[in-house]
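I'd like to ask some things about the structure below.
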Amino acid sequence: MRNAVRYGRPPRGLAGQVEERILDAAGRVFLERGFRGASVDEIAEAASAGKPTIYARFPSKQALFAAVIERLVRRNTSLDAFSCVGSSIEQRLDALAALILTRVLTPETIGLIRVAVAEARRFPDLATSVSCMGRERPTAAVARVFGELAAADDIGAASAFATDRLSETARRFLDLVVLPMLMRALFGEDLAVLRAGIGPHVKQTVAFFLAACRHAPLAPHGPST
């Protein structure tokens, strides 16, 4: 009886805890089984929650997976200028880039991205949703930090850091910093080795990024796909 699953609506104060427990369990099952192999029954058992409790919050397995990804992206993009320590803009962007890569290069993040990619043909809407979350939210978070940094440093005079260009500048920063390491991780390179190389990669990439921002105007660019 101690391990029996409880059904029904939880007390209001515990509702958030129940949802977090469901998402924790779902993340583990998706990582272990993949999207196709995961079942709501197994997730319910792992979460010690009834299926009605899960379906009351997430109407389908696709919605549950999207919620797992959304929570992961939200955690990975909790950025602010105070997390970018340093006495110069170079040092502060180094710290920002290193923080982002440290969060991305984890077994959970890489594993869930692989799950989403593997199901892209069967569930294109799900893949599109995950892709949008993975690009739009980090871009918005970095653009916000860039705005804060530009207000306190002479880099704000660069055209790339103009208010109407911050989103595009942030997107290019993320492409330079994250994509090379992310692709290596997705193709199976050892995460510990990649994480050990974050420092040199960040220094080279940030130096290149700042040189481009300071010495050349940002060319117009169409909407990201």
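Treat every Asp and Glu Cβ in the chain as -1 and every Lys and Arg Cβ as +1, leave all other atoms uncharged, and give the resulting dipole magnitude about the Cα centre to the nearest 20 debye.
Here the size comes out at about 700 debye.
For the chain, report the accessible area per residue in Å² (1.4 Å probe, heavy atoms, rounded to an integer). Each step should come with its number before you reach the end.
On the way: 12500 Å² over 225 residues.
Normalised by residue count, the accessible surface of the chain is 56 Å².
Continuing with this model, one more query. Using a 1.4 angstrom probe on the protein heavy atoms only, could you order Phe146, Phe123 from most to least accessible area?
Most to least solvent-accessible, the answer reads Phe123, Phe146.
Run lengths n ≥ 4 of DSSP H only: what is the helix-derived mean residue ellipticity at 222 nm for the chain, with -39500 (n - 2.57) per run over all residues, to the nearest 500?
-22000 deg cm²/dmol, from helical runs alone.
Explain nothing, just compute: Karplus ³J(HN,Hα) = 6.51 cos²θ - 1.76 cosθ + 1.60, θ = phi - 60°, for every residue of the range 114-129 in order, whole Hz, x for Gly and Pro.
Per-residue couplings from phi come out as 4, 4, 4, 5, 5, 9, 4, 6, 6, 10, x, 5, 5, 4, 5, 4 Hz.
Ignoring any ligand, DNA or RNA, what whole percent of the accessible area of the chain comes from carbon and sulfur when the probe is 1.4 angstrom? Write down the numbers at each step before the final one.
Values: 6970 of 12500 Å².
Solvent-exposed carbon and sulfur of the chain make up 56 percent of the total.
The values are calculated or read from the model by the stated rules, or taken from the named source; none is laboratory data. Keep in mind it's a predicted model, so treat the numbers as computed, not measured. Because the Cβ atoms are built from the backbone with ideal geometry, glycine has one as well, and the counts that use them run over all protein chains shown. Accessible surface is based on the protein model in full, side chains and every heavy atom, while ligands, DNA and RNA are left aside. Shrake-Rupley method; radii C 1.70, N 1.55, O 1.52, S 1.80 Å.
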